[in-house]
Amino acid sequence: MQPKAVSMSKQFSITLQMRLMLLALLTLAFLLVQPISALAQQSSLAPLAEKISPSVVNITTSTVVAGRTGPQGIVPEGSPFEDFFREFQDRNNGDGDRPRRSSALGSGFVISEDGYVVTNNHVIDGADEILIEFFNGEELKAEVIGTDPNTDIALLKVEADEPLPFVKFADSDLSRVGDWVVAMGNPLGQGFSVSAGIVSARNRALSGTYDDYIQTDAAINRGNSGGPLFNMDGEVIGVNTAILSPNGGSIGIGFSMASNVVTRVVDQLKEFGETRRGWLGVRIQDVTEDVAEAMGLASASGALVTDVPEGPAKEAGMEAGDVIISFAGKDVADTRGLVRTVGNSPVGETVRVVVMRDGASMTLKVTLGRREEAEGAVPAVAAGPDVEKDPVTKSLLGLTLTALTDELRQELGADADMLGLAVMEVDEASEAFEKGLRAGDIITEAGQQKVTSISDLEKRVEAAKEAGRKSLLLLVRRAGDPRFVALSLAD
C-alpha cells in the first residue's frame, strides 16, 4: 500500500507542476498580446487625422511690392548690356515699373469656435490681405489681432456664420523624447497634408531670447510654417516654425515652438494686442567654471550681472558683479532660464531675487518693469569725469593697458563718463587672447572693484593672489556691451 501512496503523491506533484507551467505560459502570452494589440489599434492615424483636420487651415497672404526700375539681379549696374536687358524686360512684362502683388503660403490652426487662428509671424508679416482656407474648402478673410516677432507667433481672427471646429493646447512640458507626434499643414503649397514622427529633442534654442523648441523628425517643409504639431490625443504641443536643411527640404530636423510659450503669447495678444513681458533691468552672462573659481562660488550656476542700467534692478539695489541664484522662489541655473522666467512674469509684480555678493547671499525685492517699453528707452549720458593726468602704458596679464582719456573715449566710442583701462594690444599667445579680449576693449572692474589706473589693477592682482585665488575676474566692455572674463594669475 505504501508504494501506491508514494506514486499517487508523485503523480499529483507532476500534475501541479504542469498546471503551473501552463498558467505561466498563458500569462506570458497575455502579456505579449497586450502591446501587440495596442500597436494594432494604433497602426492607423486616420481616426486622429479625421478628428483634427477641420481645425487646421491654409493661409494665403497677398502683398503689394514695388515694381522694378531696371534689370536688377540680371546684369551689374552700369553694364553695357543694361539697356538691352531693360528693353527685353519691358517687352515681356510691359508694366515692369508698376507695383505688383506677391503671394505667400503658410499654415495655421483654429483655437476657438469664435474664429481665433494661430500661425507664424513670418507667414503674415507685411501682408496686405490674409485669406484663410478651411479643410472643407471655405475661405474667409482674416485680420491681425497681434504679433510677437520674438517667438514668431501671430494671432488672427476670422468672422464665421457658425461656430468653427477648433483644437486645444496641451502642456508641452509633459512631452517626452520618443513620444509620437503628428504635423499638419500646407507643405510647398500642396494643400492639406499629414506627417508623423516622434519628439526628437526638447528645449532647443535657435536664435531667439525666448526660444523653447520641440525638435521632431515628422516631415516639415516650406508652407508648414504656422501649422500645429499634435500629440496622440489631438492636442497641440507646438507650432511648426523652422527646419534645419541644406537644401530647403525636410531632412528630419524640424522645430516647433513649444505650446507653453505659445499660450502665454496668445493670451497677451488676445487681451492687449501686444506682448507685455516682465523686465528686470540687468545685463547678464553665464557663470563658467573659471568665473566661479575667481569669485569663490561653490558651483558654476546662476546668472552673473555685468551691468545694471537705470531700471527695476538698480532701484532695488542690485549691482554689477552680483550673481542671481534665485528668482521668485525658483533656482536660476543659467541666463537663458532667468530670461525666460522673468519674461513670463507679470509686469508690475514685486518678486524676491536672491543674489550672491562678496560671498554672502542677499535678498532683494524687485518690482518688474515692462521689457517692450525698456527696449525703446534711450539712456541718458552723464557729464564727463576727471581724467588721469599722466596716463601710463603697461603690460599685464597678456594685455597692454593704458588709462582712458577723453581722446581714447571718443576713439573707442565709449560714454563720456566711463572710467577704466583701455586695451591697446593683446599678446596672441596669451590666455586673454584665447578668451576673446582684443585691442579696443575697456576694463572697468577687476576683482569686482572699479579700476581707473594701472596701479588699481596691480593692487587687485596682488589681493587676489594673497587670497589664494587662481584667477582674477575682469569686467570688460566692448562697444558698450559688458562681460566678465576670468584670467589666470599663474606666474
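Computed quantities for the displayed model
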{"item": "Out of Ala298, Ala258, sole residue that is farther than 21 Å from Lys168 by Cβ, out of contact with any Lys or Arg (no Cβ under 6 Å at 6 or more places or on another chain) and either modelled with pLDDT of 95 or more or of a type outside the set (S, T, N, Q) (or both)", "result": "Ala298"}
{"item": "Residue in region 435-454 that is acidic (Asp, Glu), modelled with pLDDT of 85 or more and outside any helix (DSSP H, G or I) present", "result": "yes"}
{"item": "Failed item in (1) among the hydroxyl-bearing types (Ser, Thr, Tyr); (2) without any contact (Cβ under 8 Å) to a residue 40 or more places away in the chain; (3) more than 26 Å from Pro309 (Cβ to Cβ), with Thr402 passing the rest", "result": "(2)"}
{"item": "Some residue of region 291-299 being among the hydroxyl-bearing types (Ser, Thr, Tyr) and not in a loop (DSSP other than H, G, I, E, B)", "result": "no"}
{"item": "Residue match in region 127-135 (condition: buried (at least 18 other Cβ atoms within 10 Å of the Cβ), part of a strand (DSSP E or B), under 19 Å from the mean Cα position of the chain (by Cα) and not assigned by TED's automatic domain parsing to the domain that holds Thr263)", "result": "no"}
{"item": "Criterion (among the polar types (S, T, N, Q) and in contact with a Pro (Cβ under 9 Å, 6 or more places away or on another chain)) met by exactly one of Asn224, Asn186", "result": "Asn224"}
{"item": "Selection count where residues are at positive phi and either part of a strand (DSSP E or B) or modelled with pLDDT of 90 or more (or both), scope region 415-434", "result": "0"}
{"item": "Single match in Asn203, Asn240 (criterion: in contact with a Leu (Cβ under 8 Å, 6 or more places away or on another chain) and of a type in the set (S, T, N, Q))", "result": "Asn240"}
{"item": "Matching residues, region 151-175, being without any contact (Cβ under 8 Å) to a residue 24 or more places away in the chain and closer than 14 Å to Val199 by Cα", "result": "Leu174"}
{"item": "Filter result (surrounded by 18 or more Cβ atoms within 10 Å (Cβ to Cβ), of a type in the set (S, T, N, Q) and at negative phi) within region 435-451", "result": "Thr444"}
{"item": "Extreme residue, nearest to the chain's Cα centre (by Cα), among residues of region 154-178 that are over 20 Å from Asn224 (Cβ atoms) and part of a helix (DSSP H, G or I)", "result": "Asp173"}
{"item": "Among the residues listed as Gly281, Gly185, Gly249, the single one being among the small types (Gly, Ala, Ser) and touching a Lys or Arg at 6+ places or on another chain (Cβ under 7 Å)", "result": "Gly281"}
{"item": "Residue selected from region 245-281 under the condition in contact with a Gly (Cβ under 8 Å, 6 or more places away or on another chain) and aliphatic (A, V, I, L, M), by the criterion surrounded by the fewest Cβ atoms within 10 Å (Cβ to Cβ)", "result": "Leu269"}
{"item": "Residue match in region 221-241 (condition: surrounded by fewer than 24 Cβ atoms within 10 Å (Cβ to Cβ), without any contact (Cβ under 8 Å) to a residue 40 or more places away in the chain and under 24 Å from Asn136 (Cβ atoms))", "result": "yes"}
{"item": "In region 198-216, the residues that are touching a strand residue (DSSP E or B) at 6+ places or on another chain (Cβ under 8 Å) and either under 19 Å from Val57 (Cβ atoms) or buried (at least 19 other Cβ atoms within 10 Å of the Cβ) (or both)", "result": "Val199, Asp211, Asp212, Tyr213, Ile214, Gln215, Thr216"}
{"item": "Residue, farthest from the chain's Cα centre (by Cα), within region 111-126, restricted to residues that are among the polar types (S, T, N, Q) and buried (at least 23 other Cβ atoms within 10 Å of the Cβ)", "result": "Thr119"}
{"item": "Single residue of region 330-363 satisfying the filter (of a type in the set (Gly, Ala, Ser) and assigned to a helix (DSSP H, G or I)) that is farthest from Asp286 (Cα to Cα)", "result": "Gly343"}
{"item": "Identity of the residue in region 136-150, in contact (Cβ under 8 Å) with a residue 60 or more places away in the chain and of a type in the set (Val, Ile, Thr), that ends up surrounded by the most Cβ atoms within 10 Å (Cβ to Cβ)", "result": "Thr147"}
{"item": "Test: residue in region 281-298 that is under 14 Å from Val355 (Cβ atoms), over 18 Å from the mean Cα position of the chain (by Cα) and of a type in the set (Gly, Ala, Ser)", "result": "yes"}
{"item": "Selection from region 237-280 of residues that are under 30 Å from Met318 (Cα atoms) and either part of a strand (DSSP E or B) or among the acidic types (Asp, Glu) (or both)", "result": "Glu274, Gly278, Trp279"}
{"item": "Qualifying residue in region 179-200 (condition: assigned to a loop (DSSP other than H, G, I, E, B) and under 19 Å from Val262 (Cα atoms))", "result": "no"}
{"item": "Residues being in a loop (DSSP other than H, G, I, E, B), in contact (Cβ under 8 Å) with a residue 40 or more places away in the chain and buried (at least 16 other Cβ atoms within 10 Å of the Cβ) - total across region 300-321", "result": "6"}
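Rundown of residues vs (1) assigned by TED's automatic domain parsing to the domain that holds Ser326; (2) at pLDDT below 85, yes/no style:
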{"position": "Val366", "(1), (2)": "yes, no"}
{"position": "Val387", "(1), (2)": "no, yes"}
{"position": "Leu401", "(1), (2)": "no, no"}
{"position": "Glu407", "(1), (2)": "no, yes"}
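The values are calculated or read from the model by the stated rules, or taken from the named source; none is laboratory data. All of these numbers come straight from a predicted model, not from anything done at the bench. Because the Cβ atoms are built from the backbone with ideal geometry, glycine has one as well, and the counts that use them run over all protein chains shown.
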